[in-house]
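One structure below.
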């Protein structure tokens, strides 16, 4: 092995960029590849996002529509079949939001709404932030309790 033949692995060394505007001797002095005069030649220039050379930009040509409701409550949906499977696996007769969070079925700090997809076969006490009509009817048909938090 000869020390004069050692070199870094390919791709491990990043090539240095061109040093523009550092004197005529570098070959990249003067206008520093920016051409002569004009808006884009000056320091501090930055083009606005969506700028189309003075033409009316697309985001201003299209009409505005819709709105975001600041009072919207976003619920995470959990179906009856999921609750049934969880209750069967854990062997509990009561299911609440904290248990669903620990089981990884819903994210932490989210509002949970129980929907009526699936069937129940056992009496359960379910605590959640909301229930659909069909879910509430299915829970109460087996003499269970649907408790709104």
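Quick notes on this one:
- Given (1) out of contact with any helix residue (DSSP H, G or I) (no Cβ under 9 Å at 6 or more places or on another chain); (2) within 20 Å of residue 92 (Cα to Cα), index of the condition residue 132 fails: (2)
- If you go through segment 116-135 and keep only what is more than 12 Å from residue 84 (Cα to Cα), surrounded by 18 or more Cβ atoms within 10 Å (Cβ to Cβ) and free of Cβ contacts under 8 Å to residues at least 40 places away in the same chain, you end up with 127, 131.
- When segment 48-65 is filtered for residues that are in contact with a helix residue (DSSP H, G or I) (Cβ under 9 Å, 6 or more places away or on another chain) and surrounded by 10 or more Cβ atoms within 10 Å (Cβ to Cβ), only 52 remains.
- Residue in segment 71-84 that is in contact (Cβ under 8 Å) with a residue 24 or more places away in the chain and part of a loop (DSSP other than H, G, I, E, B) present: yes
- Only one of the listed residues (104, 38) is surrounded by fewer than 13 Cβ atoms within 10 Å (Cβ to Cβ), within 33 Å of the chain's Cα centre (by Cα) and at pLDDT below 90. That residue is 104.
- Exclusive hit being at positive phi and without any contact (Cβ under 8 Å) to a residue 24 or more places away in the chain, set 35, 17, 25, 29: 35
- Only a single item in (1) more than 30 Å from residue 108 (Cα to Cα); (2) in contact with a strand residue (DSSP E or B) (Cβ under 9 Å, 6 or more places away or on another chain) is not met by residue 59, and it is number (2).
The values are calculated or read from the model by the stated rules, or taken from the named source; none is laboratory data. As the structure is a prediction and not an experimental result, all values here were calculated from the model. So basically every Cβ, Gly included, is an ideal-geometry build from the backbone, and we count neighbours across all protein chains shown.
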